[in-house]
Amino acid sequence: MESRNQENICIARTSPPEVFEAYAKQYQRDFSTFLSLRGEEMIAGGRMVLTFRGRSVEDPSCTDDSAHLTLLSQTLLDMVAEEHVKKEDLYSFNIPLYPPCEQEVKTVIENEGSFHLDKLHGFRVRWDAHDNVVDDEDNPILKKHRSGKLVADCVRAFMEPMLAAHFGSSIVDELFGRYAEKVGEHFSMEKSSYFVIAICLSRK
């Protein structure tokens with residue numbers, strides 16, 4: 001995977017087709033296994049609600065629903081250029097995260113067979129829930145700094161263990177400090193959102 005995805009740490013617009021395919025197949029296996037195991041634990045008619053990040057279109061090369069992680073890739077690339085991070089370490093790092101489209105979710109549920117899909121709903125959630133709040137005392141520079149730090153802290157909460165294990169804990173503070181600045185600059189140009197999928201399942 002690392003020799004094919006190189007400067008990306010997850011699937012992105014610039015990822016080659018075989019990377020998209022590898023991620024999709026792994027997602028299908030993992031989600032199917034999850035459903036099968038949950039099915040063993042539940043009685044007929046039992047319900048389960050799941051909410052997770054998804055993708056807004058079927059073709060993963062047409063949109064970057066992992067833009068927040070693309071910015072993290074770019075931050076790591078900056079640190080490679082300054083020799084704070086080894087290039088081979090970046091090229092060998094891939095985040096085990098795949099945002100499925102709605103049809104992929106439906107297909108796995110149908111093929112696995114343990115559950116009825118009662119409801120599926122896709123919706124968007126802003127990276128920063130406060131970025132549309134008008135505050136006369138808030139100047140643009142402070143606002144982008146606050147938004148950048150908020151997103152960086154959220155990403156750090158789930159990414160730090162993986163990053164520290166792969167790159168070493170010594171780079172983590174510097175990495176997320178730079179990342180917060182990069183996300184803040186992104187906010188000054190556009191307001192981004194996550195696509196989220198919510199499903200309600202019932203055991204057959």
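Every read-out reported here was derived from the displayed coordinates using simple, explicitly stated rules and does not represent laboratory data. This structure is a prediction, so every number in the text was calculated from the model and none was measured. Positions of Cβ are backbone-derived with ideal geometry, glycine not excepted, and every protein chain shown enters the neighbour counts.
A few points about this structure:
- Computed E for residue 125/residue 204 - FRET, C-beta separation, R0 30 angstrom, nearest 0.05: 0.45
- Considering only alpha-carbon pairs that sit under 8 angstrom and 6 or more positions apart, the relative contact order computed for the chain is 35 percent.
- Think of the range 1-55 as having a plus end and a minus end, set by charges on the Cβ of Lys, Arg, Asp and Glu; of 9, 46, 27, 46 sits farthest toward the positive end of this dipole.
- Dipole of the range 2-203, positive end: most advanced residue of 164, 115, 99 [Cβ charges, Cα centre]: 115
- Two-site FRET efficiency, residue 166 against residue 61, from Cβ-Cβ distance with R₀ of 30 Å, rounded to 0.05: 0.70
- Stretchable slack from residue 158 to residue 47, in nm (0.36 nm times residue separation minus alpha-carbon distance): 37.2 nm
- The ranking of 160, 18, 104 from fewest to most other beta carbons within 10 Å of each one's beta carbon is 18, 160, 104.
- Lys-Lys pairs in the range 2-203 that are eight or more residues apart or on separate chains and whose Cα atoms lie under 19 Å of each other come to 9.
- Magnitude of the charge dipole for the chain, about its Cα centre and with charges confined to Cβ atoms of Lys, Arg (+1) and Asp, Glu (-1), is about 680 debye.
- Whole-Å distance, taken between Cα centres, linking the range 90-111 and the range 1-41: 5
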